[in-house]
Each structure stands twice: as C-alpha cells, then as structure tokens.
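Derivation of every value follows stated rules applied to the coordinates shown; laboratory data play no part. Since the model is a prediction, treat every value here as computed from it, not as a measurement. Reconstructed Cβ throughout: ideal geometry from the backbone, glycine too, with neighbour counts over all protein chains shown.
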Amino acid sequence: MAVQIGGTPITLGSLQLSVVDDAGVTWLPTDVKGWSSPGVRAELAPREADHGAWASPGYLNARPISIEGLIAAPSTASRDAAIEQLYAAVSLTDTVLIVEETIPKQVTVRRSGEVLVERVNPFSVTYSLAVTAADPRRYSTTLQSQSTALPSTTGGLTVPVTLPILISTTTVAGSITLVNEGTIATRPLFTLEGPVTNPTVTVQYPDGTVRALLYSSSLEAGDELVIDTDLHSAVLNGTTSRRLYVSGQWPEIPPGTAVEVGWYADSYHVDALLTGSVRSAWM
C-alpha cells in the first residue's frame, strides 16, 4: 500500500506523485508551475482623441502546467519500471490532474511537451514534464449531483365527503439546488430520462432572473439525453447529437452562488427524471 510523504499530494491519472509506492519507489515532486494562475486573453483598442483604451471582455487562456520531481527506487529494475510508468501517465489523451490543497481541485490535461528524465545514479532519476489543461478552470474533486421527477401534486379532496374531513396532498416540486462555491462561473450538466415530451429545464438565479433550455422533441422510456452547457451539446443515448432540438439560453452558475434548477414538460409521467451535476470552479 502506498505511503504518503511530505508536501502537497499530487495525482496524475492513476499515478500518485507524492508517495512511496508498493514497489518501494519514492515519488517526490519538487516544483509545480502553472497551478496558481493561467494567462489572460483580452484586447485593448486605443480611444480616438481621448485618454486610455477600450477594453474587450477578458478570458482565461489554456493552463500550461509543468511538474518537476525525483524518483528514487530500491533497484535499477524498479527505477526503470517507474520511468515507464511516468511516460505512460503523461498521456496524449485527457487525464485528470489532482492537487490536494485544503479544498482539493482537479483539471483535465494532456501532454504538451517532452517528458525529460535524467539519471542521477543507478537507483534515482530527476524528471520534468509538461501538460496543458484546455479548460483552465480548477474544479472541485467533489461532483454535486441531484435528481428530481417532474413537478406533480397527488391526493387532496375527493367529493362527496363526510364531515369532518382531512385533506392530505403530496407535492413534488420538480426542482433541485446546485451551488458553486468557487471563484469563477461553472457550467452544469443536465441528464434527462424519458418518457417525456418537449421538456424545458430552467435555472433561476438569486435575483429572480431565469434562463431556460427547451428540448423540442420527445424521449421514450429508456432514452437518456445529456445536455452539456459548457460544450453546448445535447447527446441522445451516448451516440446521437440532438443539438438541433435545443433552444434557449445556456446557463452557468456564478461564483459563490446557489441556483434553483427546475423543469416541466407537455405532460406528466412518473418515470421522467432530471439530474443536474456540477463542480465548483476556481480561477
């Protein structure tokens, strides 16, 4: 079983970089660059016959990250095996990089440069690797996920009645609450399960404003539609794009804000289900 060593724990995919692993290999990161802040993309156009400039909206660039460290092994064979582990971990495909701060955060990265390895002695090497997060936001490692059926009310008064009477009803609000505890807006994922016809998903903000997304088609029993508000995509059953049927405003959750997510449809069905998922995000 791997044993945690000093410093901030870092994990790249399945490779832990701040441990002594089961083979007795010590993985010690010595420097991480790029985790604190990415660059900013903005333009300034000089004001004509006036002081200063007109500023365009500012956006974060992709986040390049470099990690340097030391690998110390009990044998040459285990050293060489560890080097191969490192090469494999710095993948050309999406890989989750986690830094265990007070609030653990993660980004999705891909290799963006050489993995440099320098052999110090028969048992140790130093390394340097470069990866880039296309999405620069650092996300909570905790995924919020809540589900709700369509809004409904059952029970109540049936006539004729005999006095005295007790009126009892059961109400399903058809809404959930999602929270962004971070410092930059984050974008939720909505999963709709049928059967449901022409569903509309609404996001209500603390000031009372509402953004809504309409899916102008039907989902049959067993169908699942995933609406990604970051990618502006809608995928049916994991394979078929249904973006053409989605209209409205793509919502996001501002930093330090809780929103109420609701939904409704042309008719009620007990098996219809909406699930909202989101991670808090930091700059």
Notebook entry, point to check: Once fully extended, how much extra length lies between Gln146 and Val96, figured as 0.36 nm per residue of separation less the alpha-carbon to alpha-carbon distance?
Noted result: 15.7 nm
Next item on the list: Just flag the trypsin sites (Lys or Arg not before Pro) in the range 6-49 sitting in loop per DSSP whose Cβ has no more than 16 other Cβ atoms within 10 Å.
Entry: Arg47
Item checked: Acute angle (nearest 10 degrees) that the helix 76-89 long axis makes with the longest principal axis of the chain, alpha-carbon atoms -> 40 degrees
Checklist line | Total charge dipole magnitude, the range 178-283, about the Cα centre, Cβ charges on Lys, Arg, Asp, Glu only, Debye to nearest 20 | finding: 280 debye
Next item on the list: Highest first, please rank the peptides 244-250, 256-262 by the mean number of other Cβ atoms sitting within 10 Å of their residues.
Entry: 256-262, 244-250
Next item on the list: For the range 53-132, run through the GluC sites (Glu not before Pro) and keep only the ones in DSSP coil with at most 11 other Cβ atoms within 10 Å of their Cβ.
Entry: Glu114
Check: For Cα Rg over 2.2 N^0.38 Å, the listed values are (i) 1.24; (ii) 1.08; (iii) 1.36; which was obtained by calculation from the structure presented?
Finding: (iii)
Item checked: Rounded Å value of the spacing that divides the Cα centres of the range 53-78 and the range 190-262 -> 34 Å
Next item on the list: Set the Förster radius R0 to 22 Å, insert the Cβ-Cβ distance between Ser56 and Tyr205 as r into 1/(1 + (r/R0)^6), and round the FRET efficiency to 0.05.
Entry: 0.30
Next item on the list: Divide by every residue of the chain the summed helix terms, -39500 (n - 2.57) for each DSSP H run of at least 4, and state the resulting mean residue ellipticity at 222 nm, rounded to the nearest 500 deg cm²/dmol.
Entry: -1500 deg cm²/dmol
